[in-house]
Amino acid sequence: MLAPQTEEAYRRLRRMILSLELRPGEPLVERRLEERLGVSRTPIRAALQQLAREGLAVRAGRVFVVAPLDLAELEEAFEFRTWLETQVVRVAASRKPNARELKELLASLEADLDPEVELEKATDFHLALARLTGNRFVVASLAQVLGRIYRARYLEITRPHGAEAAQSDHLALIELVQQGKGEEAAAFMQQHLERSRLALLQGLEGSALLARS
């Protein structure tokens, strides 16, 4: 468990990295972060070490920098996510759940919301769908992979009409799951994730946000 000040510094820095407020490759200079966060240097140093353990920061000489996005890792993460979520909707549909909670969640998504809020709610939707399987390990695995691609998903959801397209797809998925159409839901989920993956990777090609080999 992190000390309170370290926890505060860690959570704020993590949010800034995931939302791209701190860009990939940007130096994480302790003195500047101390002024920016209003937290002393010791908890900032501990927070940076925690972020490094999570792969969100890397050592570059004497300082940490925000970890670049790794295209190969993103491809693997999307592949695993597709395997996982297509099975999620198959199992969820076999149980023919009441989707009222998911519909309420979708109703809270609005086109003019802050992108970070939209992404958090989209993440909540996918995790809520996973919970319909009744398997805690499925939920934990999905949460982990979504965390690894959070920054990339932030870019995807902020592209023109990205949030609206996601909401439309989520509504369609709910209907298929509610009707017990597992195979149709799985096929639709695969198409949904593939469109998202292609749009994202096309936008990242040649980007300065990516790690360089």
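A short reminder: the numbers here are calculations on the coordinates, not readings from a lab. Keep in mind the model is a prediction, meaning the values are calculated, not measured. As a convention, Cβ positions derive from the backbone with ideal geometry for all residues, glycine included, and neighbour counts pool all protein chains shown.
Compactness of the range 1-49, taken as the C-alpha radius of gyration over 2.2 N^0.38 Å, stands at 1.04. Here the Kirkwood formula puts the hydrodynamic radius of the range 39-115 at 16.8 Å, using every distinct Cα pair. With 29 Å as the cut-off, how large is the P(r) tail for the chain, expressed as percent of Cα-Cα pairs? Everything past 29 Å amounts to 32 percent. Scan around Ala57 for amide H atoms under 5 Å from its own, H built in the peptide plane at 1.01 Å from N, and keep only partners 5 or more places away or cross-chain. Under 5 Å from the amide H of Ala57: Ala52, Ala67.
Its Cα gyration tensor gives the range 30-75 an equivalent ellipsoid, and the semi-axes of that ellipsoid, as √(5λ) in whole Å with the largest first, are 23, 10, 9. Rounded to 0.05, the FRET efficiency of the Trp83 and Arg53 pair, given R0 = 30 Å and the Cβ-Cβ distance, is 0.70. Axis angle, to the nearest 10 degrees, between helix 115-131 and the longest C-alpha principal axis of the chain: 50 degrees.
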